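One structure is given here, and the rest of the page talks about it.
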Amino acid sequence: MPGRCAHHDIVLVQPREPMPPPMDNGLALARAAALAKLGYLDERAMHRQAAVRTGAVPLELAPWPSTPIGRVKLVRRQGTSLVVTDGLSDPWDPSLHASPPPFRFACELAIEVPSIDDASPPASWVAPLLLWVSNWLVEQRFDLRARMRAHTCLTLGALPIPGLESWKAPNGLHGLLLGLPFAGDQIGAHAVLAREGNDTVWLVPMKLLHPNEYAWALEVRDSSRATWLVQSFMQYDRHLSRTDRGPIVGG
């Protein structure tokens, strides 16, 4: 890191390391084009977020694969707002990650919520929850696509987010369900945001689980109950996250 030491009127500056070459933005453009086909891509509504406040402690975001801070995009759809990570699928930048893992995330996460109108922002908890999970994936080097190829669906737990206090499960976490297809009826089928050679970048929606649903899914060690939840939600509101509903299990 560049630095300097001052002594009276003399300033010593260490030589700067050469800037890394700019990364190809073709993948970002492909993602944006795909999102624009899903609705109106509102570039003004969301911006870069450098930290997520979870409870009383702010969670500083780990460097994403190609950017120091997390990004999200907002797609306004008919009656809903789709908030999507932007950059999780990028290649690892060696200037940010000295020892990148031997895989690419090759997916972007999304949360879709009901929208009052085309001008209202999404609920305040959506972007922090989305960024918290993304931050955890990056920090833990969790190969989400490999896990979803093996199990097609899974649950994740996130630290408490302000505004979701009543949706905290008995274990103190917010439960999320992954594996609901964004479109179509086939579990494990994912919308494609971009193509890179023989591979694709997935759009993976996350559904906020009612605390009873999350606790029920965790009572078994396999994914059988998560699979049941996926199949049940596909019958009505699919991956849409609503906080005005009751649980479909556990009373």
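For the reader, a short list of remarks on this structure follows.
- Enumeration of residues in region 104-140 that are of a type outside the set (S, T, N, Q) and free of Cβ contacts under 8 Å to residues at least 24 places away in the same chain: 116, 117, 119, 136
- Contact map, region 221-239: first residue farther than 18 Å from residue 113 by Cβ, second residue hydroxyl-bearing (Ser, Thr, Tyr), Cβ cut-off under 7 Å, separation 6 or more or different chains; pairs are 226/155.
- From 210, 239, residue being crowded, with 19+ Cβ neighbours inside 10 Å and farther than 23 Å from residue 85 by Cβ: 210
- Test: residue in region 156-165 that is out of contact with any Ser or Thr (no Cβ under 7 Å at 6 or more places or on another chain) and closer than 19 Å to residue 34 by Cα: no
- Within region 150-161, the set of residues being closer than 26 Å to residue 221 by Cβ and touching a residue at least 24 places away in the same chain (Cβ under 8 Å) comprises 151, 152, 153, 154, 155, 156, 157, 158, 159, 160.
- The number of residues in region 181-213 being farther than 15 Å from residue 88 by Cβ and in a loop (DSSP other than H, G, I, E, B) comes to 13.
- When the residues of region 97-150 are filtered to those that are among the polar types (S, T, N, Q) and in contact with a strand residue (DSSP E or B) (Cβ under 6 Å, 6 or more places away or on another chain), the one that is nearest to residue 201 (Cα to Cα) is 134.
- Scoring residue 95 on the criteria (1) surrounded by fewer than 17 Cβ atoms within 10 Å (Cβ to Cβ); (2) free of Cβ contacts under 8 Å to residues at least 40 places away in the same chain; (3) among the small types (Gly, Ala, Ser) leaves a single failure, condition (2).
Residue-by-condition table, conditions (1) within 16 Å of residue 180 (Cβ to Cβ); (2) over 11 Å from the mean Cα position of the chain (by Cα); (3) surrounded by fewer than 18 Cβ atoms within 10 Å (Cβ to Cβ):
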position: 72; (1), (2), (3): no, no, no
position: 75; (1), (2), (3): no, yes, no
position: 116; (1), (2), (3): no, yes, yes
position: 121; (1), (2), (3): no, yes, yes
position: 126; (1), (2), (3): no, no, no
position: 140; (1), (2), (3): no, yes, yes
position: 156; (1), (2), (3): yes, yes, no
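- Scanning region 126-179 for residues that are among the aromatic types (Phe, Trp, Tyr), at pLDDT 95 or above and closer than 22 Å to residue 86 by Cβ returns a single hit, 142.
- Qualifying positions in region 92-139 - among the aliphatic types (A, V, I, L, M), in a loop (DSSP other than H, G, I, E, B) and under 18 Å from residue 73 (Cβ atoms): 106, 119, 123
- Contact annotation: residue pairs with Cβ atoms under 6 Å, 6 or more positions apart or on different chains, pairing a residue in region 162-179 that is closer than 21 Å to residue 110 by Cβ with a partner that is surrounded by fewer than 14 Cβ atoms within 10 Å (Cβ to Cβ) and not acidic (Asp, Glu), are 163/124.
- The lone criterion from (1) part of a helix (DSSP H, G or I); (2) more than 23 Å from the chain's Cα centre (by Cα); (3) surrounded by fewer than 17 Cβ atoms within 10 Å (Cβ to Cβ) left unmet by residue 231 is number (2).
The values are calculated or read from the model by the stated rules, or taken from the named source; none is laboratory data. Quick caveat: nothing in here was measured; it's all calculated off a predicted structure. Reconstructed Cβ throughout: ideal geometry from the backbone, glycine too, with neighbour counts over all protein chains shown.
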